[in-house]
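Only one structure is covered here, and it is reproduced in the block below.
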Amino acid sequence: MTTPPSQPSGPSPADNPVPGSDPDGLANPNPAPSDGQSLWSDPAATSPTSGSTAAGSPFTAPGEQSSAANGDSPTERLQGWTPPTQPSDWTPTQPVGTEPNNVNDGQADAGTYLASDGNYYPTADLPQTEEAQTLSGPDGPKPKRRGVLVAVSVGAALAIAAGGAGALLALRGNGGAGSPEDAAEAFLTELSSLDLAKITARIAPSEQDLIDPYMEAIENPGAMSADQKKTNEALEAARDAMSVELNGLEFASEAIAEGVDRTAVTGGTVTLDADIDKLADAAVELVSINGSSLSGLTEGLALGWEASTGDQLDLQFDDSLTREEIRDELDAFFPVTKEISDLVKMVELEDLFVVTVKEDGRWFSSPSMTVAQYLYESSGKSNADLGDPIPDGEMKGASKPAEAAANFVEGIRTAFDKQDIRELAKVLPVAESRLVAVYGPAVFDPDDLGSPDLAEVLGDVKVSAGSKVGSHVRLILDAITFGDDAATVERSGDTWTLTVPDIAGGLVADLTQNDEKTWTLKANQTDGPGQAENITASVSVPSKGMVEGEFSSPGSTKTTFGYKNGCFSYQQGEDGQELCAEELGVDLKGSSLDGITRLPDLKDLVGVSAVKGAGGDWYVSFVASLLDPAVVVQNAIK
């Protein structure tokens, strides 16, 4: 790096402003010095008698050729030029002003740049480096192509999930802290480590119980194509090449419910750095495999950034970039340090906080409560309206998974009957119970639960224990009734029959798993004509890596769909379409879908999930009931 020039003796910039600006940040009508004299020249390049510079300009470092010698003036070089980042090892001596020139757009205008102290300084005061010349070029600035940087950074963040989910069990329960502030700091510190196992160990054990199966699914995704494997390896390399450091964190904690605190970050900085060569290698690999996908990703990120911050990001992704161009782009960005308060303002938040909860005498961070609190505050409601978690003695767990379903149904009935959402919280696992009990009373009015008569709509429910999804147990739906037999679902073997007597003269639908390769659906009206008569549908896996399906109903043309050899197809009469993965730049050969041999068992899909609490009792979980089927499908096809 060129040594920063010294300020010459004589008139200060305030007395003789740099062309294009004055001390008040206003446009300066004074022309540039006709002799090419630099106001901030290196004394070594100054004649001791004349005080003039030898071919110097605001853009010329000692020993370098003047821009004037190239046929363009300093003023022309200033226009539209974005200077490099202020070097960290020096401080400018004379600010031009504290506001942007001309308009308050938050950007430095021609002739000035924004320094880290918040002032705007003459561009001439900034020493020229080889990197700066590369960025500007003789014909003005090169476009900022941040596509590779952003795509790789986001991809590496997603690759955190590959950071050792299996270690979570060994770390379970070890992440608690003695105070809300310590819990928040530990969570944010581990978050910056980009290690999923360590991050997860800092969240509440009750929430860990819910996400266990999904951690396992992330760690063991099943068969992957060659490109998928290379992509994962490149993302892991990118993640390992990057580092995030938090310094000087300060916190302020506020109790919003019993054992629940809102812990805000009131000070500190975040620094993002990287091993440029390793990150560039990972970026080259990602670009070579996923050029088209990364292009779409960067365009979407640019739109999202502009929508959230009002600033534009130039994310013109170019998969023709060479490794050196990618490396230069990354090198121009890293390292970067920001005040956390500045980042908070940038995304238009009031402040940054983590909701911490107390479990078994220790404090942990709660991602679910944190998200809920942000949403709650965005609605303008007061924390004074929040409820408290259900005391342990009022929770209604079951000794067996299947018995938890009866408690769940009774909890729903009681909530409707008493018009009190907290009654439902008593029959849910701790993490979900806490969420409903704290925010439910503030969000739901009693009238939102409808008439107490709705308590009678949900009739008897019969379930039986099915297979396990991690630590969760799937409960197979055997029978359920709704309001005086208004509708029923009954299972007989591998067939579920839905009967609705009062719809269009009566409707009966049968969903059947014929074998491990075929599902069928048949729907018929029991009385009178209508569109529901003789509807049939099926899905099957006739051979490895092949899926076929069809749908037909009276008065319409049969529709078929399927997957084979990396291509998805759709056909309705003479109209049809085929879309192959290679057209999207995706390789599915060797993937789970390409190797599918059977369909998931419907018994594991038609039902709910039970989760075991810390005290050994079982509860039906909303979250697990919704997400476990995805794991069932993944396990079936991988």
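The values are calculated or read from the model by the stated rules, or taken from the named source; none is laboratory data. The model shown is predicted, which means the values in this text are computed figures rather than measured ones. As a convention, Cβ positions derive from the backbone with ideal geometry for all residues, glycine included, and neighbour counts pool all protein chains shown. Ligands, DNA and RNA are stripped out before the accessible areas are found, and what is left, the full protein with its side chains, is counted by its heavy atoms. Shrake-Rupley method; radii C 1.70, N 1.55, O 1.52, S 1.80 Å.
Quick notes on this one:
- Taking amide H as placed 1.01 Å from N in the peptide plane, the amide H of H472 sits under 5 Å from none that are at least 5 places away or on another chain.
- Seen from K558, the other residues with C-beta closer than 14 Å to its C-beta sum to a net charge of -4, counting Lys and Arg as +1 and Asp and Glu as -1.
- Each other residue within a Cβ distance under 10 Å of P180 adds +1 if Lys or Arg and -1 if Asp or Glu, for a net charge of -3.
- Coupling constants for the stretch 189-200 follow from the phi torsions by the Karplus curve (6.51 cos²θ - 1.76 cosθ + 1.60, θ = phi - 60°), and in residue order they are 5, 5, 4, 6, 6, 6, 10, 4, 4, 5, 4, 5 Hz; glycine and proline get x.
- In the context of the full set of protein chains, residues of the stretch 456-517 present 52 Å² of accessible surface per residue (probe radius 1.4 Å, heavy atoms only).
- FRET efficiency for the pair D182 and D417, taken as 1/(1 + (r/R0)^6) with r the Cβ-Cβ distance and R0 = 41 Å, rounds to 0.45.
- Straight-line reach from K381: taking Cα to Cα under 22 Å and skipping same-chain neighbours fewer than 8 places apart, the lysines in range are K345.
- Under 9 Å, Cβ to Cβ, from A255 - net charge with Lys/Arg +1 and Asp/Glu -1: -2
- By the rule of a C-alpha distance below 16 Å, with chain neighbours fewer than 8 residues away ignored, the lysines paired with K468 are K400, K603, K612.
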